[in-house]
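Asker: My questions will all concern the structure given below.
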Amino acid sequence: MWKKDSKNVVKLDRRILLVGVSLVVVLLIVFLTSFFKAPPSYYEMGGFTLGTYCRIVVSSKKGSKVLAQVMFNELERVYKKYNPNDPSSVVSKINNSNDWIDIDEETFVLLDAAVRFSRLTDGAFDPALGELIRLWGFDKIAEKLPSRVPSSEEIGEALKRSGVDKLELDSQRRRVRLIDGAKLDLGGIAKGYALDRAYQVAKEVDKDCTGFVEAGGDIRILGPKFGSRPWVVGVRDPRKSDSAIAYLYLTSGAVATSGDYERYFEVGGVRYHHILDPKTGFPARGAISVTVVADNAVTADALSTAGFVMGAQWEYVVLEFPKFGGSVLMVTEDGSIRRSPTMVVYEQAR
Ligand code: AMP
Ligand code: MG
């Protein structure tokens, strides 16, 4: 009896040991795989739209490739809808009429935001400079750059047909009217809007997706790299395309830059670029590049254009713009770098 019992006990011990060892091995595997979990892989997609090169870098459990395509389609949709050079666009429809035009909710909200940024920046940002931009020849993005400086008479005439005061919005009946021959040009805000829309459609599919979407250097962050790390965005040296003057570490929000190097021509050693001062009708002077970090890309885009126009008042821009939701990093004409105190937060690696 005793012998038999002792045999069983030994057998039982072995079994317990085997189960125990297997359990430890399984737990070890679980621990190691969770510890060395492969980081999410990013799908990258690039292409031309919004009149510039756009890039989408995204990771989603719902399918990164499909999500990138959905986002790219949204960029294209916004571009087609608000491109003043596309005869079928909403902007062309508004520009070709001198009467009230009924508009959809999306267009109303966008125009309303443009007017709000115009008021906020004392008219520096102006969505109704179409005539002035056309006179300078900066309207045809696909064609070659202009090379003639308009006369003061021509600029005076174009100014009479430009300006946000000639843009009327009727919120009751959701319609818009341009008076005195004014024309819309949303080039200073449309890229930001498209980036925000691409963000929105991505989040509707997968709220946990991460990555970013970029249009000609303006960026909307979808979420932190590998779920926790910041994306590092280099701020281009406005006079040396291959070097950076600062690095921004972003896990959310957006960044936009307006610079005099983007579209310009030179006559007699003077650079004439595409960001016009609505007060003078000439390319704005004072800044050569303005970068704005904000919660969303529309704010970053509109404020970077406005900050550029107000470059001569750089102190106002760097100190006041944070109150409008944008931190500023500006390079003034003499090459000095001026920044909002709030910008420091984004310049520190976390
Ligand atoms: P951005 O690169 O965002 O600064 O936008 C520049 C584009 O905005 C130009 O190519 C014009 O289409 C348009 N634009 C030029 N001057 C102004 C201005 N003062 N306010 C708003 N948009 C402008
Ligand atoms: Mg802009």
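Asker: Just to check your reading of the model, which residue among Gly227, Gly216, Gly211 is within 16 Å of ligand 1 (Cβ to nearest atom), touching a residue at least 12 places away in the same chain (Cβ under 8 Å) and small (Gly, Ala, Ser)?
Answerer: Gly216
Asker: Within the group Ile189, Ile103, which residue is farther than 24 Å from Tyr53 by Cα and in contact with a helix residue (DSSP H, G or I) (Cβ under 9 Å, 6 or more places away or on another chain)?
Answerer: Numbers: Ile189 fails: farther than 24 Å from Tyr53 by Cα.
So the residue among Ile189, Ile103 that is farther than 24 Å from Tyr53 by Cα and in contact with a helix residue (DSSP H, G or I) (Cβ under 9 Å, 6 or more places away or on another chain) is Ile103.
Asker: In region 261-300, how many residues are within 14 Å of ligand 2 (Cβ to nearest atom) and in contact with a Lys or Arg (Cβ under 6 Å, 6 or more places away or on another chain)?
Answerer: 2
Asker: Name every residue in region 192-208 that is assigned to a loop (DSSP other than H, G, I, E, B) and either crowded, with 18+ Cβ neighbours inside 10 Å or within 16 Å of ligand 1 (Cβ to nearest atom) (or both), in order of residue number.
Answerer: The one that is assigned to a loop (DSSP other than H, G, I, E, B) and either crowded, with 18+ Cβ neighbours inside 10 Å or within 16 Å of ligand 1 (Cβ to nearest atom) (or both): Asp206.
Asker: With more than 22 Å from Ile155 (Cβ to Cβ), out of contact with any Pro (no Cβ under 6 Å at 6 or more places or on another chain) and buried (at least 22 other Cβ atoms within 10 Å of the Cβ) as the only criterion, which of Thr332, Thr299 stands out? Don't jump to the end; show me each part of the working.
Answerer: On the way: Thr332 fails: buried (at least 22 other Cβ atoms within 10 Å of the Cβ).
So the residue among Thr332, Thr299 that is more than 22 Å from Ile155 (Cβ to Cβ), out of contact with any Pro (no Cβ under 6 Å at 6 or more places or on another chain) and buried (at least 22 other Cβ atoms within 10 Å of the Cβ) is Thr299.
Asker: Shifting gears a bit: Within 16 Å of ligand 2 (Cβ to nearest atom) and out of contact with any Pro (no Cβ under 6 Å at 6 or more places or on another chain): which single residue out of Arg148, Arg116 fits that description?
Answerer: The conditions single out Arg116.
Asker: Follow-up. Could you tell me whether any residue of region 288-295 is closer than 27 Å to Tyr199 by Cα, surrounded by fewer than 18 Cβ atoms within 10 Å (Cβ to Cβ) and touching a strand residue (DSSP E or B) at 6+ places or on another chain (Cβ under 9 Å)?
Answerer: For region 288-295, residues closer than 27 Å to Tyr199 by Cα, surrounded by fewer than 18 Cβ atoms within 10 Å (Cβ to Cβ) and touching a strand residue (DSSP E or B) at 6+ places or on another chain (Cβ under 9 Å): present.
Asker: Among the helices (runs of 4 or more DSSP H) lying completely within region 83-191, list those that include at least 2 residues that are surrounded by fewer than 17 Cβ atoms within 10 Å (Cβ to Cβ) and touching a residue at least 24 places away in the same chain (Cβ under 8 Å).
Answerer: Once the helices (runs of 4 or more DSSP H) in region 83-191 are filtered for at least 2 residues that are surrounded by fewer than 17 Cβ atoms within 10 Å (Cβ to Cβ) and touching a residue at least 24 places away in the same chain (Cβ under 8 Å), what remains is 105-120.
Asker: I need the strands (runs of 3 or more DSSP E) fully contained in region 238-304, keeping only those with at least 2 residues that are modelled with pLDDT of 95 or more and within 9 Å of ligand 1 (Cβ to nearest atom). Spell out how you get there, then give the answer.
Answerer: Values: elements: 240-250, 254-259, 264-267, 270-273, 287-294.
Of the strands (runs of 3 or more DSSP E) lying wholly inside region 238-304, those with at least 2 residues that are modelled with pLDDT of 95 or more and within 9 Å of ligand 1 (Cβ to nearest atom) span 254-259.
Asker: When you check Ile221 against the structure, is it under 17 Å from Gly325 (Cβ atoms), more than 16 Å from ligand 1 (Cβ to nearest atom), part of a strand (DSSP E or B) and modelled with pLDDT of 95 or more, yes or no? Give the steps one after another, and end with the answer.
Answerer: Numbers: under 17 Å from Gly325 (Cβ atoms): yes; more than 16 Å from ligand 1 (Cβ to nearest atom): yes; part of a strand (DSSP E or B): yes; modelled with pLDDT of 95 or more: yes.
Yes: the conditions hold for Ile221.
Asker: Please verify whether region 235-244 includes one or more residues that are of a type in the set (S, T, N, Q) and over 18 Å from the mean Cα position of the chain (by Cα). Before the answer, list the steps.
Answerer: As a first pass, look at region 235-244 and keep what is of a type in the set (S, T, N, Q): 241, 243.
If we keep only those that are over 18 Å from the mean Cα position of the chain (by Cα) too, we end up with 241, 243.
Yes: region 235-244 contains one or more residues that are of a type in the set (S, T, N, Q) and over 18 Å from the mean Cα position of the chain (by Cα).
The values are calculated or read from the model by the stated rules, or taken from the named source; none is laboratory data. Treat the numbers as computed from the prediction; the structure is a model and nothing was measured. No Cβ is skipped: glycine too gets one built from the backbone with ideal geometry, and neighbour counts run over all protein chains shown.
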